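Engineer: Handing you a structure now.
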Protein chains: 2
Amino acid sequence: MNNHAEIRLSGSGGQGLLLAGVILAEAAIMDDKIAIQTQSYGPEARGGASKAEVIIANDVIDFPKVTSPDLVLALTQVASDKYSKSVNDKGILVIDDEVVLDDKYEYGKIVKVPIINTAVEKVGKSIVANIVAIGVIVELTKLVSRESVEKAVLARVPKGTEDLNKKALAEGYLLAQSVI
Amino acid sequence: MNNHAEIRLSGSGGQGLLLAGVILAEAAIMDDKIAIQTQSYGPEARGGASKAEVIIANDVIDFPKVTSPDLVLALTQVASDKYSKSVNDKGILVIDDEVVLDDKYEYGKIVKVPIINTAVEKVGKSIVANIVAIGVIVELTKLVSRESVEKAVLARVPKGTEDLNKKALAEGYLLAQSVI
(Lines give C-alpha, C1' and ligand atoms only; values in the text may rest on other atoms or scores of the structure.)
Protein backbone atom coordinates (compact mmCIF):
# COMPACT_ATOMS: atom_id res chain seq x y z
CA MET A 1 0.00 0.00 0.00
CA ASN A 2 2.86 2.38 0.65
CA ASN A 3 3.79 3.37 -2.90
CA HIS A 4 0.27 4.19 -3.99
CA ALA A 5 -2.66 4.08 -1.62
CA GLU A 6 -6.25 4.85 -2.44
CA ILE A 7 -8.30 5.83 0.59
CA ARG A 8 -12.07 6.26 0.75
CA LEU A 9 -13.51 7.93 3.85
CA SER A 10 -17.25 7.57 4.31
CA GLY A 11 -19.87 8.46 6.86
CA SER A 12 -22.58 11.07 7.14
CA GLY A 13 -22.39 14.73 6.20
CA GLY A 14 -21.18 16.75 9.15
CA GLN A 15 -18.65 14.14 10.29
CA GLY A 16 -15.81 16.12 8.79
CA LEU A 17 -14.63 13.59 6.24
CA LEU A 18 -13.56 16.25 3.76
CA LEU A 19 -11.37 17.74 6.48
CA ALA A 20 -9.99 14.28 7.28
CA GLY A 21 -9.06 13.80 3.63
CA VAL A 22 -7.42 17.21 3.45
CA ILE A 23 -5.42 16.53 6.62
CA LEU A 24 -4.15 13.17 5.31
CA ALA A 25 -3.15 14.82 2.03
CA GLU A 26 -1.41 17.70 3.78
CA ALA A 27 0.45 15.27 6.05
CA ALA A 28 1.57 13.30 2.99
CA ILE A 29 3.09 16.35 1.37
CA MET A 30 5.01 17.11 4.59
CA ASP A 31 6.44 13.59 4.26
CA ASP A 32 7.60 14.43 0.70
CA LYS A 33 4.93 12.28 -0.84
CA ILE A 34 2.32 13.47 -3.28
CA ALA A 35 -1.42 13.38 -2.80
CA ILE A 36 -4.71 14.15 -4.44
CA GLN A 37 -7.82 14.85 -2.41
CA THR A 38 -11.15 14.55 -4.18
CA GLN A 39 -14.76 14.87 -3.28
CA SER A 40 -17.51 13.94 -5.70
CA TYR A 41 -20.94 15.47 -5.44
CA GLY A 42 -23.67 13.82 -7.39
CA PRO A 43 -26.83 11.79 -7.19
CA GLU A 44 -24.90 9.20 -5.18
CA ALA A 45 -24.05 11.88 -2.62
CA ARG A 46 -27.70 12.40 -1.84
CA GLY A 47 -29.30 9.94 0.55
CA GLY A 48 -27.20 10.21 3.64
CA ALA A 49 -23.80 8.82 2.76
CA SER A 50 -20.95 11.25 2.37
CA LYS A 51 -17.52 10.36 1.11
CA ALA A 52 -14.13 11.95 0.62
CA GLU A 53 -11.17 10.36 -1.09
CA VAL A 54 -7.41 10.69 -1.02
CA ILE A 55 -4.67 9.10 -3.04
CA ILE A 56 -1.22 9.16 -1.46
CA ALA A 57 1.74 8.09 -3.56
CA ASN A 58 5.49 8.36 -3.84
CA ASP A 59 5.36 9.05 -7.52
CA VAL A 60 3.16 10.54 -10.23
CA ILE A 61 -0.58 9.92 -9.85
CA ASP A 62 -1.86 9.36 -13.37
CA PHE A 63 -5.53 8.84 -12.74
CA PRO A 64 -6.83 10.93 -9.88
CA LYS A 65 -9.95 8.91 -9.15
CA VAL A 66 -10.12 6.26 -6.46
CA THR A 67 -11.12 3.07 -8.27
CA SER A 68 -10.06 0.24 -6.01
CA PRO A 69 -9.58 1.54 -2.48
CA ASP A 70 -6.77 0.09 -0.37
CA LEU A 71 -8.51 1.43 2.69
CA VAL A 72 -12.18 2.19 3.23
CA LEU A 73 -13.43 3.92 6.36
CA ALA A 74 -17.16 3.67 7.14
CA LEU A 75 -18.40 5.56 10.17
CA THR A 76 -22.12 4.88 9.71
CA GLN A 77 -24.32 1.99 8.64
CA VAL A 78 -25.57 3.84 5.57
CA ALA A 79 -22.03 4.63 4.47
CA SER A 80 -20.92 1.06 5.13
CA ASP A 81 -23.80 -0.40 3.15
CA LYS A 82 -22.75 1.79 0.25
CA TYR A 83 -18.97 1.68 0.36
CA SER A 84 -17.60 -1.21 2.45
CA LYS A 85 -17.74 -3.63 -0.45
CA SER A 86 -15.56 -1.33 -2.53
CA VAL A 87 -12.43 -2.14 -0.52
CA ASN A 88 -10.01 -4.20 -2.56
CA ASP A 89 -9.31 -7.76 -1.50
CA LYS A 90 -5.88 -6.93 -0.08
CA GLY A 91 -7.19 -3.78 1.53
CA ILE A 92 -8.31 -2.73 4.99
CA LEU A 93 -11.89 -1.96 5.93
CA VAL A 94 -12.14 0.25 9.01
CA ILE A 95 -15.64 0.42 10.44
CA ASP A 96 -17.16 1.93 13.52
CA ASP A 97 -18.14 -0.79 15.96
CA GLU A 98 -21.83 0.07 15.60
CA VAL A 99 -21.73 -0.93 11.94
CA VAL A 100 -23.04 -4.36 10.95
CA LEU A 101 -21.49 -5.97 7.88
CA ASP A 102 -23.10 -8.29 5.40
CA ASP A 103 -21.27 -11.46 6.44
CA LYS A 104 -21.81 -13.18 3.11
CA TYR A 105 -19.12 -10.99 1.62
CA GLU A 106 -15.29 -11.05 1.73
CA TYR A 107 -13.92 -7.63 2.72
CA GLY A 108 -10.16 -8.03 3.04
CA LYS A 109 -8.96 -7.19 6.52
CA ILE A 110 -11.70 -5.82 8.76
CA VAL A 111 -10.84 -3.45 11.58
CA LYS A 112 -13.91 -2.81 13.72
CA VAL A 113 -13.25 -0.24 16.43
CA PRO A 114 -15.36 2.16 18.51
CA ILE A 115 -14.36 5.36 16.74
CA ILE A 116 -17.43 7.45 17.50
CA ASN A 117 -17.77 6.17 21.04
CA THR A 118 -14.10 6.94 21.70
CA ALA A 119 -14.60 10.48 20.42
CA VAL A 120 -17.58 10.93 22.73
CA GLU A 121 -16.42 9.07 25.84
CA LYS A 122 -12.64 9.50 25.88
CA VAL A 123 -12.19 12.83 24.12
CA GLY A 124 -15.53 14.34 25.03
CA LYS A 125 -16.74 15.52 21.61
CA SER A 126 -18.39 13.46 18.88
CA ILE A 127 -17.18 16.01 16.36
CA VAL A 128 -13.59 14.73 16.66
CA ALA A 129 -14.55 11.25 15.41
CA ASN A 130 -12.89 12.21 12.11
CA ILE A 131 -9.60 12.91 13.89
CA VAL A 132 -9.84 9.67 15.90
CA ALA A 133 -10.36 7.92 12.55
CA ILE A 134 -7.24 9.59 11.13
CA GLY A 135 -5.28 8.28 14.12
CA VAL A 136 -6.57 4.76 13.44
CA ILE A 137 -5.71 4.96 9.74
CA VAL A 138 -2.22 6.39 10.27
CA GLU A 139 -1.35 3.81 12.91
CA LEU A 140 -2.68 0.93 10.81
CA THR A 141 -1.06 1.94 7.54
CA LYS A 142 1.94 4.13 8.43
CA LEU A 143 1.15 5.99 5.22
CA VAL A 144 2.21 9.25 6.79
CA SER A 145 4.34 9.92 9.84
CA ARG A 146 2.81 10.74 13.19
CA GLU A 147 4.80 13.95 13.24
CA SER A 148 3.36 15.15 9.94
CA VAL A 149 -0.20 14.16 10.68
CA GLU A 150 -0.06 15.99 13.99
CA LYS A 151 1.20 19.13 12.27
CA ALA A 152 -1.46 18.79 9.58
CA VAL A 153 -4.22 18.38 12.16
CA LEU A 154 -3.07 21.38 14.17
CA ALA A 155 -2.88 23.52 11.03
CA ARG A 156 -6.51 22.81 10.12
CA VAL A 157 -8.51 22.64 13.34
CA PRO A 158 -10.03 25.71 15.00
CA LYS A 159 -7.82 27.65 17.39
CA GLY A 160 -8.43 26.57 20.97
CA THR A 161 -9.15 22.95 20.04
CA GLU A 162 -5.54 21.84 19.62
CA ASP A 163 -5.35 19.75 22.79
CA LEU A 164 -8.70 18.10 22.10
CA ASN A 165 -7.57 17.12 18.63
CA LYS A 166 -4.16 15.87 19.79
CA LYS A 167 -6.00 13.69 22.30
CA ALA A 168 -8.31 12.46 19.53
CA LEU A 169 -5.34 11.46 17.37
CA ALA A 170 -3.68 9.67 20.29
CA GLU A 171 -6.88 7.76 21.06
CA GLY A 172 -7.00 6.74 17.41
CA TYR A 173 -3.47 5.33 17.61
CA LEU A 174 -4.48 3.33 20.70
CA LEU A 175 -7.56 1.93 18.98
CA ALA A 176 -5.44 0.71 16.09
CA GLN A 177 -2.86 -0.79 18.43
CA SER A 178 -5.61 -2.74 20.15
CA VAL A 179 -6.28 -4.66 16.92
CA ILE A 180 -2.84 -4.91 15.28
CA MET B 1 -19.40 26.45 -20.36
CA ASN B 2 -22.66 25.52 -18.73
CA ASN B 3 -22.80 21.79 -19.47
CA HIS B 4 -19.31 21.02 -18.28
CA ALA B 5 -17.12 23.65 -16.70
CA GLU B 6 -13.61 23.17 -15.41
CA ILE B 7 -12.58 25.75 -12.84
CA ARG B 8 -9.09 26.30 -11.43
CA LEU B 9 -8.78 28.55 -8.37
CA SER B 10 -5.27 29.71 -7.55
CA GLY B 11 -3.57 31.99 -5.08
CA SER B 12 -1.47 31.52 -1.99
CA GLY B 13 -1.97 29.07 0.84
CA GLY B 14 -4.24 30.57 3.46
CA GLN B 15 -6.51 32.34 0.97
CA GLY B 16 -9.17 29.69 1.40
CA LEU B 17 -9.23 28.36 -2.14
CA LEU B 18 -10.06 24.82 -1.04
CA LEU B 19 -13.10 26.22 0.78
CA ALA B 20 -14.04 28.22 -2.31
CA GLY B 21 -13.93 25.05 -4.40
CA VAL B 22 -15.99 23.15 -1.88
CA ILE B 23 -18.60 25.92 -1.76
CA LEU B 24 -18.92 26.03 -5.55
CA ALA B 25 -19.31 22.24 -5.65
CA GLU B 26 -21.89 22.25 -2.86
CA ALA B 27 -23.85 25.02 -4.59
CA ALA B 28 -23.81 23.00 -7.81
CA ILE B 29 -25.35 19.97 -6.13
CA MET B 30 -28.11 22.18 -4.69
CA ASP B 31 -28.83 23.20 -8.29
CA ASP B 32 -29.15 19.50 -9.24
CA LYS B 33 -25.86 19.51 -11.07
CA ILE B 34 -22.96 17.24 -10.31
CA ALA B 35 -19.50 18.32 -9.25
CA ILE B 36 -16.07 17.07 -8.38
CA GLN B 37 -13.75 19.05 -6.17
CA THR B 38 -10.08 18.16 -6.28
CA GLN B 39 -6.91 19.40 -4.72
CA SER B 40 -3.52 18.12 -5.79
CA TYR B 41 -0.57 18.24 -3.45
CA GLY B 42 2.81 17.66 -4.98
CA PRO B 43 6.10 19.24 -5.88
CA GLU B 44 4.18 21.86 -7.87
CA ALA B 45 2.29 22.81 -4.72
CA ARG B 46 5.48 23.85 -3.00
CA GLY B 47 6.79 27.29 -3.83
CA GLY B 48 3.98 29.57 -2.95
CA ALA B 49 1.17 28.83 -5.37
CA SER B 50 -1.85 26.96 -4.10
CA LYS B 51 -4.66 25.71 -6.26
CA ALA B 52 -8.02 24.03 -5.92
CA GLU B 53 -10.15 22.72 -8.74
CA VAL B 54 -13.82 22.06 -9.40
CA ILE B 55 -15.64 20.52 -12.30
CA ILE B 56 -19.35 21.33 -12.51
CA ALA B 57 -21.47 19.46 -15.03
CA ASN B 58 -25.02 18.49 -15.88
CA ASP B 59 -24.06 14.94 -16.67
CA VAL B 60 -21.49 12.26 -15.86
CA ILE B 61 -17.93 13.48 -15.30
CA ASP B 62 -15.73 10.81 -16.85
CA PHE B 63 -12.31 12.18 -16.12
CA PRO B 64 -12.15 14.00 -12.81
CA LYS B 65 -9.03 16.03 -13.52
CA VAL B 66 -9.12 19.61 -14.75
CA THR B 67 -7.19 19.57 -18.02
CA SER B 68 -8.31 22.65 -19.92
CA PRO B 69 -9.89 25.12 -17.50
CA ASP B 70 -12.84 27.17 -18.68
CA LEU B 71 -12.19 29.59 -15.83
CA VAL B 72 -8.95 30.31 -14.02
CA LEU B 73 -8.83 32.52 -10.94
CA ALA B 74 -5.45 33.91 -9.91
CA LEU B 75 -5.34 35.97 -6.73
CA THR B 76 -1.57 36.43 -6.55
CA GLN B 77 1.28 37.13 -8.97
CA VAL B 78 2.97 33.80 -8.21
CA ALA B 79 -0.27 31.91 -8.85
CA SER B 80 -0.93 33.87 -12.03
CA ASP B 81 2.58 33.22 -13.37
CA LYS B 82 1.96 29.54 -12.83
CA TYR B 83 -1.66 29.07 -13.86
CA SER B 84 -3.03 31.98 -15.94
CA LYS B 85 -1.76 30.50 -19.18
CA SER B 86 -3.70 27.30 -18.52
CA VAL B 87 -7.05 28.93 -19.26
CA ASN B 88 -8.50 27.63 -22.49
CA ASP B 89 -8.85 30.03 -25.41
CA LYS B 90 -12.62 30.35 -24.99
CA GLY B 91 -12.30 30.61 -21.22
CA ILE B 92 -12.28 33.40 -18.67
CA LEU B 93 -9.23 34.46 -16.70
CA VAL B 94 -10.14 36.27 -13.48
CA ILE B 95 -7.19 38.01 -11.87
CA ASP B 96 -6.78 40.32 -8.94
CA ASP B 97 -6.00 43.83 -10.13
CA GLU B 98 -2.54 43.71 -8.56
CA VAL B 99 -1.54 40.90 -10.91
CA VAL B 100 0.52 41.74 -13.99
CA LEU B 101 0.09 39.47 -17.01
CA ASP B 102 2.64 38.56 -19.63
CA ASP B 103 1.15 40.60 -22.48
CA LYS B 104 2.78 38.48 -25.16
CA TYR B 105 0.24 35.77 -24.51
CA GLU B 106 -3.44 35.29 -25.51
CA TYR B 107 -5.55 34.44 -22.46
CA GLY B 108 -9.16 34.28 -23.63
CA LYS B 109 -11.32 36.81 -21.83
CA ILE B 110 -9.49 38.63 -19.05
CA VAL B 111 -11.42 39.95 -16.06
CA LYS B 112 -9.15 42.05 -13.89
CA VAL B 113 -10.88 43.22 -10.73
CA PRO B 114 -9.78 44.35 -7.24
CA ILE B 115 -10.81 41.21 -5.35
CA ILE B 116 -8.40 41.45 -2.43
CA ASN B 117 -8.78 45.21 -2.09
CA THR B 118 -12.58 44.86 -2.09
CA ALA B 119 -12.35 42.26 0.67
CA VAL B 120 -10.17 44.58 2.73
CA GLU B 121 -11.76 47.96 2.02
CA LYS B 122 -15.44 47.19 1.45
CA VAL B 123 -15.98 44.09 3.59
CA GLY B 124 -13.28 44.79 6.13
CA LYS B 125 -11.44 41.43 6.13
CA SER B 126 -8.83 40.21 3.65
CA ILE B 127 -9.78 36.65 4.61
CA VAL B 128 -13.07 36.90 2.69
CA ALA B 129 -11.27 37.46 -0.63
CA ASN B 130 -12.18 33.87 -1.49
CA ILE B 131 -15.88 34.62 -1.03
CA VAL B 132 -15.63 37.84 -3.05
CA ALA B 133 -13.99 35.73 -5.77
CA ILE B 134 -16.87 33.25 -5.65
CA GLY B 135 -19.29 36.15 -6.13
CA VAL B 136 -17.32 37.30 -9.17
CA ILE B 137 -17.23 33.81 -10.67
CA VAL B 138 -20.92 33.09 -10.10
CA GLU B 139 -22.00 36.42 -11.56
CA LEU B 140 -19.74 36.04 -14.60
CA THR B 141 -20.61 32.43 -15.39
CA LYS B 142 -24.06 31.78 -13.89
CA LEU B 143 -22.78 28.24 -13.30
CA VAL B 144 -24.73 28.04 -10.07
CA SER B 145 -27.65 30.09 -8.83
CA ARG B 146 -27.17 32.95 -6.40
CA GLU B 147 -29.60 31.26 -4.04
CA SER B 148 -27.57 28.05 -3.92
CA VAL B 149 -24.22 29.72 -3.59
CA GLU B 150 -25.49 31.82 -0.72
CA LYS B 151 -26.75 28.72 1.07
CA ALA B 152 -23.49 26.91 0.41
CA VAL B 153 -21.44 29.82 1.75
CA LEU B 154 -23.55 30.10 4.89
CA ALA B 155 -23.27 26.35 5.50
CA ARG B 156 -19.48 26.45 5.45
CA VAL B 157 -18.35 29.69 7.08
CA PRO B 158 -17.83 30.05 10.83
CA LYS B 159 -20.87 30.97 12.90
CA GLY B 160 -21.03 34.69 13.52
CA THR B 161 -19.49 35.58 10.14
CA GLU B 162 -22.64 35.11 8.06
CA ASP B 163 -23.27 38.80 7.40
CA LEU B 164 -19.65 39.45 6.55
CA ASN B 165 -19.70 36.62 4.04
CA LYS B 166 -23.01 37.67 2.50
CA LYS B 167 -21.56 41.12 2.04
CA ALA B 168 -18.44 39.58 0.45
CA LEU B 169 -20.58 37.64 -2.04
CA ALA B 170 -22.60 40.74 -2.89
CA GLU B 171 -19.44 42.76 -3.47
CA GLY B 172 -18.23 40.00 -5.76
CA TYR B 173 -21.43 40.24 -7.84
CA LEU B 174 -20.91 44.01 -8.12
CA LEU B 175 -17.30 43.60 -9.24
CA ALA B 176 -18.39 41.23 -12.00
CA GLN B 177 -21.21 43.55 -13.07
CA SER B 178 -18.70 46.38 -13.41
CA VAL B 179 -16.92 44.49 -16.21
CA ILE B 180 -19.73 42.58 -17.96
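Engineer: Take the residues in region B:90-106 that are farther than 20 Å from residue B:138 by Cα and not basic (Lys, Arg); name whichever of them is farthest from the other protein chains (Cβ to nearest Cβ).
Structural biologist: If we take residues in region B:90-106 being farther than 20 Å from residue B:138 by Cα and not basic (Lys, Arg), then B:103 is farthest from the other protein chains (Cβ to nearest Cβ).
Engineer: Also: Please give the strands (runs of 3 or more DSSP E) falling wholly within region A:64-146 in which 1 or more residues are under 18 Å from residue A:15 (Cα atoms) and either in contact with a Lys or Arg (Cβ under 6 Å, 6 or more places away or on another chain) or at pLDDT below 95 (or both).
Structural biologist: Once the strands (runs of 3 or more DSSP E) in region A:64-146 are filtered for at least 1 residues that are under 18 Å from residue A:15 (Cα atoms) and either in contact with a Lys or Arg (Cβ under 6 Å, 6 or more places away or on another chain) or at pLDDT below 95 (or both), what remains is A:71-74, A:92-96.
Engineer: Taking region A:1-54 as the search range and keeping residues that are of a type in the set (Lys, Arg) and either in contact with a strand residue (DSSP E or B) (Cβ under 6 Å, 6 or more places away or on another chain) or in a strand (DSSP E or B) (or both), which one is modelled with the highest pLDDT?
Structural biologist: This residue is A:8.
Engineer: Which condition from (1) in a helix (DSSP H, G or I); (2) touching a residue at least 40 places away in the same chain (Cβ under 8 Å); (3) of a type outside the set (Val, Ile, Thr) is the one that residue B:166 breaks?
Structural biologist: Here residue B:166 meets the rest and fails (2).
Engineer: Looking at region A:1-18 only, could you name the residues that are more than 10 Å from chain B (Cβ to nearest Cβ) and among the hydrophobic types (A, V, I, L, M, F, W, C)?
Structural biologist: Once the filter is applied, which keeps residues that are more than 10 Å from chain B (Cβ to nearest Cβ) and among the hydrophobic types (A, V, I, L, M, F, W, C), region A:1-18 yields A:1, A:5, A:7, A:9, A:17.
Engineer: Still on this structure, I have one more. Filter region B:107-145 down to the residues that are charged (D, E, K, R) and in contact with a helix residue (DSSP H, G or I) (Cβ under 7 Å, 6 or more places away or on another chain) and list them by number. Break it down into steps so the answer makes sense when it comes.
Structural biologist: First, pick out the residues of region B:107-145 that are charged (D, E, K, R): B:109, B:112, B:121-122, B:125, B:139, B:142.
Passing the criteria: B:122, B:125, B:139.
Engineer: Okay, next question. Looking at (1) surrounded by fewer than 17 Cβ atoms within 10 Å (Cβ to Cβ); (2) within 9 Å of chain B (Cβ to nearest Cβ), which one does residue A:67 not meet, given that it meets all the others?
Structural biologist: (2)
Engineer: A further question on this structure: Give the number of residues within region A:97-154 that are touching a residue at least 40 places away in the same chain (Cβ under 8 Å) and touching a Pro at 6+ places or on another chain (Cβ under 8 Å).
Structural biologist: Looking only at that region, the number is 0.
Engineer: Could you tell me whether region A:28-51 includes any residue that is buried (at least 24 other Cβ atoms within 10 Å of the Cβ), touching a Phe, Trp or Tyr at 6+ places or on another chain (Cβ under 6 Å) and free of Cβ contacts under 8 Å to residues at least 60 places away in the same chain?
Structural biologist: Checked region A:28-51: at least one residue is buried (at least 24 other Cβ atoms within 10 Å of the Cβ), touching a Phe, Trp or Tyr at 6+ places or on another chain (Cβ under 6 Å) and free of Cβ contacts under 8 Å to residues at least 60 places away in the same chain.
Engineer: Another one. How many of the residues making up region B:147-163 are of a type in the set (Val, Ile, Thr) and either outside any helix (DSSP H, G or I) or in contact with a strand residue (DSSP E or B) (Cβ under 6 Å, 6 or more places away or on another chain) (or both)?
Structural biologist: Residues meeting the conditions: 2.
The values are calculated or read from the model by the stated rules, or taken from the named source; none is laboratory data. Being a predicted model, the structure only gives us computed values, none of them experimental. For neighbour counting, all protein chains shown are included, and Cβ atoms are generated from backbone atoms with ideal geometry for every residue, glycine included.
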